[in-house]
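Asker: Mind looking over this structure? Questions follow.
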Amino acid sequence: MKKIKFFRLLLFAVALSLTGCKSSSEINKRYNSVHIPDGANEEQIVKLAANITPSPRQVTWQEMEFTAFFHFTVNTFTDREWGDGKESPSVFNPTQLDAKQWIKTVKDAGIKLVILTCKHHDGFCLWPSKFTEHCVKNSPYKNGNGDVVKDVSDACKELGVKFGVYLSPWDRHEKTYGDSPVYDQYFRNQLTELLSNYGNISEVWFDGACGEGPNGKKQVYDWKSYYSVIRKLQPNATIAVMGPDVRWVGTESGYGRETEWSVVSASENSLAEIATSSQQKAGNGAFVPEGDMQKADLGSRSVISKAKGLIWYPSEVDVSIRPGWFYHSKEDNRVKSPEKLLDIYFSSVGRNSLLLLNIPPDRRGLLHENDVQNLQLFKKKLDDIFDTNYLSGAKIISDSHFKNQKADFCIDNDNNTWWSAASDQAMANLELNLNGQQTFNVLMLQENIKVGQRIESFVLEGWVNGTWEKLTEGTTVGYKRLIRFNTATTDRIRLRILKSRLNPTLSSFGLYLNRI
């Protein structure tokens, strides 16, 4: 308790000092979460929010942009979405399983990490667990000598793709489910197997499903003890989405919010736990998501002005390439089109979120040809759009900059450099003379999130017929903002940042052409 009180006082002192700052240049230390002092006004709270930054693991996660889910279990063979735990292991029999085909397909599509459903709600384990008979060792797959988790993790290592695991806390097969202490130990044992025997695990993905087990009882999950296992065995792993590092966007549509803040409200209880075991470092990561994280507005001024504390808690958008999450042959002609996948990409990655796309292996143990083809066509469309940045070679000027962080840095193709407005400027203009007349209809902006998320509204204008004409506008930027708009041709453009939490930054600025 003394340690918690000490950290609370430390955070309080930092908060008080920051609320008195006149500019970001006076701030020597940034933070992942903060307690809001009693009596702080909106301006002071906004300054606090502007200086909340992601942990190193959150930055690494965000920079991946695009990841994949593989939903694969007995459901694939029973043609169901949710198993009931009564399935015989004998139904699991992929005869042509080729994990390298899975990984090569997604890598070619630009995906940086894959997550395998090692155990879904049915309780069937895709690895030979020592703690249950309901697993691959009692299936026909490789005559009971198979290990799908190893197959996939080995393919990831060989092809240079990061590997993550999904382990469902809800287990409809395990008899101890609902007997909280006993099942919690069972779950930790399985988690330990996955995190100890398959090399580097980059992400652990939990959902919040909590139904009845075979004994008719529901389990009270000991989330904190699960996090402790992860932080001990795989300290660099991101924990999503019932976890401290990443939150669920709130739908499975593939579409994020138009205005997406990575800085959201946190309770005093959460902040006390974070103080002793921060997201910033390895330890018993204790933060349990609280409150309604699916609301339309999680981080506006009006919301954070009522908060007790603030935390960096970014959004992940998950969606399946098919109507279902597991493979069903009747859906072979209902795979999302390349155009739909492109729209999802713009509405997730392009709205300050990470896209987690599910591609379910079929009964052969392969990604179906239709899924593969549409992924390939989607990637070609994406590459065609972002092949040429029409700001390349432009002459850029800003109405202010901080120290040596000049405007050129936001168009130099290096995200490690960035432009920052002067420390006392919350509004700013960037004007660019292009390399001759250029035609474009896609805007890309990126803030340097390592110093915070700040931009609240902006407008892009083009010099057309002797006047500035609005081309498009938006609210938040964050890690990345992508906006499509009506095709424009001009040799001069202007970005006006109309509102920002302290002085805004940009690490990347691009204009592109979607030829449709």
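Asker: Would you please list the contacts, defined by Cβ atoms under 6 Å and residues six or more apart or on different chains, that run from a residue in the range 482-496 that is surrounded by fewer than 16 Cβ atoms within 10 Å (Cβ to Cβ) to a residue that is of a type in the set (Phe, Trp, Tyr) and at pLDDT below 95?
Answerer: Close Cβ pairs satisfying both conditions: none exist.
Asker: Write out, first by first residue and then by second, each pair whose Cβ atoms fall under 9 Å of each other, whose residues are 6+ apart or on separate chains, and whose first residue, in the range 435-461, is surrounded by fewer than 19 Cβ atoms within 10 Å (Cβ to Cβ) while the second is polar (S, T, N, Q) and part of a strand (DSSP E or B).
Answerer: Gln437/Thr489; Gln437/Thr490; Thr439/Thr487; Thr439/Thr489; Thr439/Thr490; Ser457/Ser500; Val459/Thr472
Asker: Can I ask one more? Look at Gly452 and say whether it is farther than 30 Å from Phe378 by Cβ, over 26 Å from the mean Cα position of the chain (by Cα) and not hydroxyl-bearing (Ser, Thr, Tyr).
Answerer: Considered against the rule, which asks whether it is farther than 30 Å from Phe378 by Cβ, over 26 Å from the mean Cα position of the chain (by Cα) and not hydroxyl-bearing (Ser, Thr, Tyr), Gly452 comes out as no.
Asker: Answer yes if at least one residue in the range 469-479 is among the basic types (Lys, Arg), surrounded by 20 or more Cβ atoms within 10 Å (Cβ to Cβ) and modelled with pLDDT of 95 or more, and no otherwise.
Answerer: For the range 469-479, residues among the basic types (Lys, Arg), surrounded by 20 or more Cβ atoms within 10 Å (Cβ to Cβ) and modelled with pLDDT of 95 or more: absent.
Asker: A further question on this structure: Can you give me the number of residues within the range 237-259 that are polar (S, T, N, Q), at pLDDT below 95 and in contact with a helix residue (DSSP H, G or I) (Cβ under 9 Å, 6 or more places away or on another chain)?
Answerer: 1
Asker: Sort out which residues of the range 155-175 are buried (at least 21 other Cβ atoms within 10 Å of the Cβ) and of a type in the set (A, V, I, L, M), and write them in order of number.
Answerer: Passing the criteria: Val161, Val165, Leu167.
Asker: Take the range 176-200 and flag every residue that is out of contact with any strand residue (DSSP E or B) (no Cβ under 8 Å at 6 or more places or on another chain), surrounded by 15 or more Cβ atoms within 10 Å (Cβ to Cβ) and either among the aliphatic types (A, V, I, L, M) or outside any helix (DSSP H, G or I) (or both).
Answerer: Matches in the range 176-200: Thr176, Tyr177, Asp179.
Asker: Still on this structure, I have one more. Please return the ranges of strands (runs of 3 or more DSSP E) entirely within the range 405-507 where 2 or more residues are over 30 Å from Ser315 (Cα atoms) and of a type in the set (Phe, Trp, Tyr).
Answerer: none
Asker: Also, quick follow-up: Hey, among Glu260, Glu212, Glu174, Glu193, which residue is farther than 25 Å from Lys86 by Cβ and either in the same structural domain as Gln446 (by TED's automatic domain parsing) or acidic (Asp, Glu) (or both)?
Answerer: Glu260
Asker: Shifting gears a bit: What number goes with the only condition from (1) buried (at least 20 other Cβ atoms within 10 Å of the Cβ); (2) without any contact (Cβ under 8 Å) to a residue 12 or more places away in the chain that Glu203 does not pass?
Answerer: Checking Glu203 against (1) buried (at least 20 other Cβ atoms within 10 Å of the Cβ); (2) without any contact (Cβ under 8 Å) to a residue 12 or more places away in the chain, the one that fails is (2).
Asker: Counting only residues that are touching a residue at least 24 places away in the same chain (Cβ under 8 Å), more than 25 Å from the chain's Cα centre (by Cα) and not in a loop (DSSP other than H, G, I, E, B), how many does the range 58-90 have?
Answerer: Selection size over the range 58-90: 5.
Asker: Take Lys130 and decide whether it is surrounded by fewer than 22 Cβ atoms within 10 Å (Cβ to Cβ), charged (D, E, K, R), part of a loop (DSSP other than H, G, I, E, B) and in contact (Cβ under 8 Å) with a residue 24 or more places away in the chain.
Answerer: Here the answer is yes, as Lys130 does meet what is asked.
Asker: Now a separate question. Given the conditions (1) among the aromatic types (Phe, Trp, Tyr); (2) over 22 Å from Asn32 (Cβ atoms); (3) not in a loop (DSSP other than H, G, I, E, B), report the number of the one that Tyr227 does not fulfil.
Answerer: Of the numbered conditions (1) among the aromatic types (Phe, Trp, Tyr); (2) over 22 Å from Asn32 (Cβ atoms); (3) not in a loop (DSSP other than H, G, I, E, B), the odd one out for Tyr227 is (2).
Asker: Something else: In the range 74-82, is there at least one residue being β-branched (Val, Ile, Thr), surrounded by 18 or more Cβ atoms within 10 Å (Cβ to Cβ) and at pLDDT 95 or above?
Answerer: So far as the range 74-82 goes, yes, one or more of its residues are β-branched (Val, Ile, Thr), surrounded by 18 or more Cβ atoms within 10 Å (Cβ to Cβ) and at pLDDT 95 or above.
Asker: Among the candidates Asp362, Asp399, single out the residue that is charged (D, E, K, R) and closer than 30 Å to Glu339 by Cα.
Answerer: Just one listed residue meets the conditions, Asp362.
Asker: Since Gly216 meets every condition but one in (1) out of contact with any Pro (no Cβ under 7 Å at 6 or more places or on another chain); (2) crowded, with 23+ Cβ neighbours inside 10 Å; (3) more than 30 Å from Ala296 (Cβ to Cβ), which condition does it not meet?
Answerer: Looking at each condition in turn, Gly216 falls short on (2).
The rows are residues; the columns are (1) at positive phi; (2) surrounded by 20 or more Cβ atoms within 10 Å (Cβ to Cβ); (3) among the aliphatic types (A, V, I, L, M).
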position: Pro338; (1), (2), (3): no, no, no
position: Ile344; (1), (2), (3): no, yes, yes
position: Ser347; (1), (2), (3): no, yes, no
position: His368; (1), (2), (3): no, yes, no
position: Asp371; (1), (2), (3): no, yes, no
position: Lys395; (1), (2), (3): no, no, no
position: Ser398; (1), (2), (3): no, yes, no
position: Gln405; (1), (2), (3): no, yes, no
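Asker: Take Ser17 and decide whether it is polar (S, T, N, Q), at pLDDT below 95 and under 30 Å from Ser348 (Cα atoms).
Answerer: Judged against the criteria, Ser17 is not a match.
The values are calculated or read from the model by the stated rules, or taken from the named source; none is laboratory data. What you are looking at is a predicted structure, and each value in this text was computed from that prediction instead of being measured. Here Cβ is always computed from backbone atoms with ideal geometry, including for glycine, and neighbour counts include all displayed protein chains.
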